[in-house]
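The values are calculated or read from the model by the stated rules, or taken from the named source; none is laboratory data. Quick caveat: nothing in here was measured; it's all calculated off a predicted structure. So basically every Cβ, Gly included, is an ideal-geometry build from the backbone, and we count neighbours across all protein chains shown.
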Ligand code: AKB
């Protein structure tokens, strides 16, 4: 039997999916990375890849794709994020939980060898220590999304402990990248701000001036994901989900960073319903356990993140204008 790893990325058209496809393609070869999504990808960079249409809630569709492509590892990124989930609680619960079960059950049945499933800082809530939130602490999430992520974490640990499923997970903070837009999250302002800064020189944030949240440049999140997935099983002491830390900032601090780079930039803050969600989340994360277990180390600070984002958004704008 071939030992070649073959990866399936579910949610390949999404913010994390696009970047993960490209990173896995570089490591495994584009022919060994399959994308699947409920909507087709418009991403030029994904042209060399095989892309399937998939509703992760349909186990038969998923199983057919896994069999057809001899998949060994599944990255299940399909989820409804925090802000949208507050509007559609039942749909969010279904997508976030049934999708996870379908993948875990395929692994339990021995059809795939390894699973990655993202959790989030949304598992924490108002009763969690807010600063340098530890790996193991009070988790009483106040949002539908957070509740689904916490339940998912417990199921991952359960499938590992009871069925030996090799499932690994990271509690992603807000992710910031330029290749593909996020959708429906509370941390999305930190991506929108760059597009608006370049387009109009101003931005109205839907979170308040002093709202500090943990964030991460998306390439760092991908690096963390691959590092975790390549770690030897014996090194992994957490089978629920790992805290990882990148940067943390407020809208005002991010605007200052943009100003240091662009000169002129105006920020206004008009908080909406997403403020209530953000207020329940930590402002910074302690990732000592991830550092110890699999060598996680962030390399990006606020200024380097701002520089990379501005250059990336600028390049993307130019290439879409010349198409
Ligand atoms: C969201 O804002 O919902 C996500 C997250 C922090 O998981 N970006």
**Request:** Out of 246, 257, report the one residue that is touching a helix residue (DSSP H, G or I) at 6+ places or on another chain (Cβ under 7 Å), surrounded by 21 or more Cβ atoms within 10 Å (Cβ to Cβ) and over 30 Å from residue 155 (Cβ atoms).
**Result:** 257
**Asked** So which residues in the range 262-282 are over 24 Å from residue 239 (Cα atoms), crowded, with 18+ Cβ neighbours inside 10 Å and within 16 Å of the ligand (Cβ to nearest atom)?
**Response** 274, 277, 278, 280
**So residue 144, is it away from the ligand (no atom under 16 Å from the Cβ) and either outside the structural domain of residue 300 (by TED's automatic domain parsing) or at pLDDT 95 or above (or both)** = no
**Fill in**
Here the residues within the range 150-178 that are crowded, with 16+ Cβ neighbours inside 10 Å, part of a loop (DSSP other than H, G, I, E, B) and away from the ligand (no atom under 16 Å from the Cβ) are 165
**Criterion violated by residue 187 - all others in (1) in a loop (DSSP other than H, G, I, E, B); (2) surrounded by 18 or more Cβ atoms within 10 Å (Cβ to Cβ); (3) more than 16 Å from the ligand (Cβ to nearest atom) satisfied** = (3)
**Prompt:** Among the candidates 252, 238, 244, which residue alone is within 13 Å of the ligand (Cβ to nearest atom) and either farther than 24 Å from residue 9 by Cβ or at pLDDT 95 or above (or both)?
**Reply:** 244
**Any strands (runs of 3 or more DSSP E) falling wholly within the range 1-99 and containing at least 1 residues that are free of Cβ contacts under 8 Å to residues at least 40 places away in the same chain and surrounded by 16 or more Cβ atoms within 10 Å (Cβ to Cβ)** = 33-37, 50-53
**Request:** May I ask you to verify whether residue 219 is within 11 Å of the chain's Cα centre (by Cα) and part of a helix (DSSP H, G or I)?
**Result:** yes
**Item:** Only one of 131, 187 that is within 27 Å of residue 302 (Cβ to Cβ), modelled with pLDDT of 95 or more and more than 15 Å from the chain's Cα centre (by Cα)
**Value:** 131
**Message:** Quick check on the range 102-123. Is at least one of its residues within 16 Å of the ligand (Cβ to nearest atom) and out of contact with any strand residue (DSSP E or B) (no Cβ under 6 Å at 6 or more places or on another chain)?
**Reply:** yes
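Conditions (1) in the same structural domain as residue 308 (by TED's automatic domain parsing); (2) within 12 Å of the ligand (Cβ to nearest atom), marked per residue:
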| residue | (1), (2) |
| --- | --- |
| 130 | no, no |
| 137 | no, no |
| 140 | no, no |
| 148 | no, yes |
| 183 | yes, yes |
| 199 | yes, no |
| 202 | yes, no |
